[in-house]
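The values are calculated or read from the model by the stated rules, or taken from the named source; none is laboratory data. If you're wondering where the values come from, they're calculated on a predicted model, not measured in any experiment. Here Cβ is always computed from backbone atoms with ideal geometry, including for glycine, and neighbour counts include all displayed protein chains.
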Amino acid sequence: MNRTDRLERVLRRMEADKIDTLVALSAARHSMARNDPATHLAGFRSLGESAFVLFGDGTVRLIVTPAYDEERAVMRRPETMVIATDDLAASLARVLAERGAKVGRMATTGLGSLPYPLAARVLASVGADAVAFDDVVLAVTAPKTDEELANARKAAAIAERGFAELLATARPGMRECDLAVQMNLFTKSLGADDNFFMMSALPHGYGVAASSHRPLQKGDVLVGEFTPSYGGQFTQICRTVSVGAPSNVLAEKYALVVRAMEAGIAAVRPGVPVSAVCGAIDAVLTDAGYGDYCRPPHMKRRGHGMGSGSMAPGDIAVDNQTPLEPDMLFVVHPNQYLPETGYLLCGEPVRVTATGGETLTKRWAALGSIEA
Amino acid sequence: MKVLQTTLLTGPYDWEANVLPREEFEGRLARIRTALKDAGAVALLVHGHAGDYGALNYVSAFTPKLGPALALVSAEGDMRLLVGGSDLMIPQAKRLTWVDDVQPFANVPKRVADWLGAKKGGTVAAWGTGSLAHGIQRGIAAAVGPLQPMDAILDPIRRRKSPRELQLVRRASEILGSAMSSLIAAARGGAGARSAALAAECAAIAAGAQDARTLASLSPGGAPLPLDGPEDRVLDPLLAAVAVQVAGYWAAGTVTVSKRGGAALGRAEAALAAMLEAARPGATGAALRQAAAQKLAPFSLHLALNGTLCNAIGLSLDEGPLADADTLEPGATYALRVGAAGEGGDAAIVSAMIAIGDTGASVLWTSPRSP
């Protein structure tokens, strides 16, 4: 799939719903974990707020702020007509007027994320009765494009090298936050443009958190979500590291969560609901006697899609009935609290293929350790 | 300086009482509560998100790493923080603030209404809520009624820095100097724009910065922009912007690196020198602009400046632009910048960080003069 194919899918839904103009909006709060429909449809992460306008005839306009960001927008998306401005709402109103967009035949997506004064001005142009198209756009554009998948592969390779670097760099006494910053600089040196690197360590943790000033200590179990972005596509691997030689029970329980992850990945195939992937993970843990731990607060979700445009297919969770489609991309991670060890992370990025699932990593999660 | 928002802040953000003790925040809150009472407000909602959390950090020391956050400040004394993340993350969030009462942000309209309790129905003021997401604002307004923005009253209070704050801006400016030196050395040594920018970030972190952000030209003389692509071109002139943060406080600057010099760089440097000479308490934005314009002519202002030559800086990269009618305020710190664009990629931007005292301005950092 390429970007044109993605837009074709949206156009078909617009026609079916009698929508002539779709206005996708971005608040430029770029994140691995939030949907950003303008970024998703335009393939461009804006510096300031932006809009991507899709007309029923297939023509598009990308409106970016601030005006001086035009050079980057044109460089990244030479195929797209770019309008650079310092007043997004005014430029959007002008574009809609020039094209004769009719109130009552317009839809929006991403409006709720805009700063509210700007949202009010946008609403004045599109009409208060503009159809909210958020769910529709995400549903019909869930598969990644070839470009996004190529970027995801590069991001996965960077993530794996980042983990190797962490094993070589981390040592007791080092603050979590200093280690996290070093890892971000390292992944940036490999070409990453951002990194959702959630990492924390405790002897017995109940979750993973953003890094703090706490120094690593012998006996800690370090958990990390390495999530570099390449070309705007985030890709996540989840890993666990013992600070000092791991105990037998830690090694044993980590092997269990890896088996659960493998079962989840083995369940991936087109047509299967997302919930089946979660169910396969839960089954392994339940068989091992941890059925009571297969719900919050002992776990949150068994994986998720990855932005920065679309989080589709959403959370890997028992209540997500979204059928898997080829080229969907998500991380499968059991990420489970066990009473004997605390919270453990393992996870791999998976692409749905025509017949199953393909992991983008060369080496799957294995319990790491650093000297102490 | 506008930077591309990063997905997760990873540096050292835990509240450190030895750097900014609780009494610092109590003094701030006393000034804010006086303003609230003057405005007849019963409470204040202070908003921040990962891209701009200056006002929120001012009252709470809290940096919102995960999604938006709100500080609920009562005019009478109590205070609560609503922060992103699940219940499990609250202990980690508490490390970031001196505030004891920290709760999840989820279901925020109800949480705000519950906190207001008997105060509901009184005027609820707001600060930093101009960037609050439409969906969230709508929910809060439905639960507690319209919010009364007080940015115009509270921003000037925040702009006037305490001695501790001034010290932190000075430290950030020193690190900015180190980072810029690394960037310039790398670029002059033949590094591409991306590599030079990364050298600056590494130098800033090594010198003790909490965060460092860079922008650089994508073409010779082009506006400094996010380096979000694989290209790593050697450019002349290279325009690069660096922002460095220390304990929440930013210093930011822009340099022009060119082996061939160029008329634009000479004009820009002369214009910056004129602005620095004009900078003093009470000087207007118009006076600074006029001082710069006289030296820039016949060059036009570089597009990347967006027409703004000066903005206050501190807990936010931009604590407010200095409009023509505004004056430089004693106790505030500012980023000055000026740039010229001519023909054939002949372009330059240079800048300075200054602190305004009661009688004059002190330069905290300035772009090195071209050789």
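For A:Gly207, are the conditions met, namely being crowded, with 24+ Cβ neighbours inside 10 Å, of a type outside the set (S, T, N, Q), in contact (Cβ under 8 Å) with a residue 24 or more places away in the chain and closer than 24 Å to A:Lys362 by Cβ?
no
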Can you confirm whether segment A:349-357 contains a residue that is farther than 16 Å from A:Ala142 by Cα and outside any loop (DSSP other than H, G, I, E, B)? no
Identify, by number, the condition in (1) more than 27 Å from A:Glu348 (Cβ to Cβ); (2) crowded, with 20+ Cβ neighbours inside 10 Å; (3) more than 12 Å from chain B (Cβ to nearest Cβ) that A:Ala152 doesn't meet. (1)
Where the second residue is of a type in the set (Lys, Arg) and surrounded by fewer than 24 Cβ atoms within 10 Å (Cβ to Cβ) and the first is closer than 17 Å to B:Asn57 by Cα and lies in segment B:225-251, which pairs have Cβ atoms under 6 Å and are six or more apart or on separate chains? B:Val246/B:Arg171
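Which residues, taken from segment A:123-134, are more than 11 Å from chain B (Cβ to nearest Cβ) and outside any helix (DSSP H, G or I)? Step through it out loud before you land on a result.
First, the residues of segment A:123-134 that are more than 11 Å from chain B (Cβ to nearest Cβ): A:124-131, A:133.
Within segment A:123-134, A:Gly127, A:Ala128, A:Asp129, A:Ala130, A:Val131, A:Phe133 meet the criteria.
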Hey, could you check segment A:171-195 for residues that are in contact (Cβ under 8 Å) with a residue 40 or more places away in the chain and crowded, with 24+ Cβ neighbours inside 10 Å and say which is farthest from B:Trp15 (Cα to Cα)? A:Thr187
Enumerate the strands (runs of 3 or more DSSP E) found wholly within segment A:195-238, keeping only those where 2 or more residues are at pLDDT 95 or above and either facing chain B (nearest Cβ under 10 Å) or over 23 Å from A:Ala164 (Cβ atoms) (or both). A:198-202, A:228-230
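Would you confirm whether any residue within segment A:246-255 is more than 20 Å from the chain's Cα centre (by Cα), modelled with pLDDT of 95 or more, under 30 Å from A:Gly219 (Cβ atoms) and part of a loop (DSSP other than H, G, I, E, B)? I'd like the intermediate steps shown before the answer.
From segment A:246-255, those more than 20 Å from the chain's Cα centre (by Cα) are A:246-255; that's our starting set.
With modelled with pLDDT of 95 or more added as a condition, the list becomes A:246-255.
Now restrict to residues that are under 30 Å from A:Gly219 (Cβ atoms): A:246-255.
Then drop every residue that is not part of a loop (DSSP other than H, G, I, E, B), which leaves A:246-247.
Checking segment A:246-255: at least one residue is more than 20 Å from the chain's Cα centre (by Cα), modelled with pLDDT of 95 or more, under 30 Å from A:Gly219 (Cβ atoms) and part of a loop (DSSP other than H, G, I, E, B).
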Selection from segment B:113-154 of residues that are within 15 Å of B:Ala69 (Cβ to Cβ) and either within 11 Å of chain A (Cβ to nearest Cβ) or within 25 Å of the chain's Cα centre (by Cα) (or both): B:Ala126, B:Trp127, B:Gly128, B:Thr129, B:Ser131, B:Leu132, B:Ala133, B:Ile136, B:Gln137, B:Ile140
Return the residues of segment B:12-29 that are without any contact (Cβ under 8 Å) to a residue 40 or more places away in the chain and acidic (Asp, Glu); say none if nothing qualifies. B:Glu23, B:Glu26
Working carefully through the options B:Arg159, B:Arg95, find the one that is within 24 Å of B:Ala209 (Cβ to Cβ), touching a residue at least 40 places away in the same chain (Cβ under 8 Å) and within 13 Å of chain A (Cβ to nearest Cβ). B:Arg95
Hey, can you tell me all the residues within segment B:307-345 that are touching a Phe, Trp or Tyr at 6+ places or on another chain (Cβ under 9 Å), assigned to a loop (DSSP other than H, G, I, E, B) and under 20 Å from B:Ala274 (Cβ atoms)? B:Leu322, B:Leu328, B:Gly342
Identify all residues within segment B:287-346 that are more than 13 Å from the chain's Cα centre (by Cα), crowded, with 21+ Cβ neighbours inside 10 Å and closer than 17 Å to B:Leu154 by Cα; write none if there are none. B:Leu322, B:Leu328
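May I ask you to say which residue of A:Asp292, A:Asp287, A:Asp282 is crowded, with 23+ Cβ neighbours inside 10 Å, part of a helix (DSSP H, G or I), of a type outside the set (A, V, I, L, M) and more than 18 Å from the chain's Cα centre (by Cα)? So that I can check it myself, show each step before the final result.
Values: A:Asp292 fails: crowded, with 23+ Cβ neighbours inside 10 Å; A:Asp287 fails: crowded, with 23+ Cβ neighbours inside 10 Å.
It is A:Asp282.
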Test: residue in segment A:47-69 that is closer than 23 Å to B:Val3 by Cα, within 14 Å of chain B (Cβ to nearest Cβ), out of contact with any helix residue (DSSP H, G or I) (no Cβ under 9 Å at 6 or more places or on another chain) and crowded, with 24+ Cβ neighbours inside 10 Å: yes
Search result, residues across segment A:126-145 that are surrounded by fewer than 20 Cβ atoms within 10 Å (Cβ to Cβ) and farther than 28 Å from A:Glu325 by Cα: A:Gly127, A:Ala128, A:Asp129
Could you list, in sequence order, the residues of segment A:96-114 that are in contact with a Lys or Arg (Cβ under 8 Å, 6 or more places away or on another chain), crowded, with 20+ Cβ neighbours inside 10 Å and away from chain B (no Cβ under 13 Å)? none
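Please tell me if B:Ala43 is surrounded by 23 or more Cβ atoms within 10 Å (Cβ to Cβ), among the small types (Gly, Ala, Ser) and in contact with a Phe, Trp or Tyr (Cβ under 7 Å, 6 or more places away or on another chain).
On the way: surrounded by 23 or more Cβ atoms within 10 Å (Cβ to Cβ): yes; among the small types (Gly, Ala, Ser): yes; in contact with a Phe, Trp or Tyr (Cβ under 7 Å, 6 or more places away or on another chain): no.
Considered against the rule, which asks whether it is surrounded by 23 or more Cβ atoms within 10 Å (Cβ to Cβ), among the small types (Gly, Ala, Ser) and in contact with a Phe, Trp or Tyr (Cβ under 7 Å, 6 or more places away or on another chain), B:Ala43 comes out as no.
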Can you find, within segment B:197-243, the residue that is farthest from B:Arg171 (Cα to Cα) among those that are surrounded by 21 or more Cβ atoms within 10 Å (Cβ to Cβ) and polar (S, T, N, Q)? B:Ser217
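Yes/no matrix, rows are residues, columns are (1) outside the structural domain of B:Ala69 (by TED's automatic domain parsing); (2) under 17 Å from B:Ile157 (Cβ atoms); (3) in contact with a Gly (Cβ under 8 Å, 6 or more places away or on another chain); (4) not aliphatic (A, V, I, L, M):
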position	(1), (2), (3), (4)
B:Met1	yes, no, no, no
B:Thr6	yes, no, no, yes
B:Asp14	yes, no, no, yes
B:Gly27	no, yes, no, yes
B:Ala30	no, yes, no, no
B:Leu36	no, yes, no, no
B:Ala39	no, yes, no, no
B:Gly48	no, yes, yes, yes
B:Ala196 being closer than 21 Å to A:Ser229 by Cα and more than 9 Å from chain A (Cβ to nearest Cβ): yes
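Would you be able to say whether some residue in segment A:155-168 is closer than 20 Å to A:Met14 by Cα, of a type in the set (Lys, Arg), away from chain B (no Cβ under 14 Å) and touching a residue at least 12 places away in the same chain (Cβ under 8 Å)?
There is no residue in segment A:155-168 that is closer than 20 Å to A:Met14 by Cα, of a type in the set (Lys, Arg), away from chain B (no Cβ under 14 Å) and touching a residue at least 12 places away in the same chain (Cβ under 8 Å).
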B:Ser86 fails exactly one of (1) touching a residue at least 40 places away in the same chain (Cβ under 8 Å); (2) within 14 Å of chain A (Cβ to nearest Cβ), namely (1)
Spans of strands (runs of 3 or more DSSP E) in segment A:12-122 with at least 1 residues under 25 Å from B:Pro224 (Cα atoms) and under 28 Å from the mean Cα position of the chain (by Cα): A:21-26, A:50-55, A:60-64, A:82-84
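Would you confirm, using the coordinates I've provided, whether B:Ala125 is buried (at least 21 other Cβ atoms within 10 Å of the Cβ) and either at pLDDT 95 or above or not assigned by TED's automatic domain parsing to the domain that holds B:Tyr58 (or both)? Show your work before the answer.
Values: buried (at least 21 other Cβ atoms within 10 Å of the Cβ): yes; either at pLDDT 95 or above or not assigned by TED's automatic domain parsing to the domain that holds B:Tyr58 (or both): yes.
Considered against the rule, which asks whether it is buried (at least 21 other Cβ atoms within 10 Å of the Cβ) and either at pLDDT 95 or above or not assigned by TED's automatic domain parsing to the domain that holds B:Tyr58 (or both), B:Ala125 comes out as yes.
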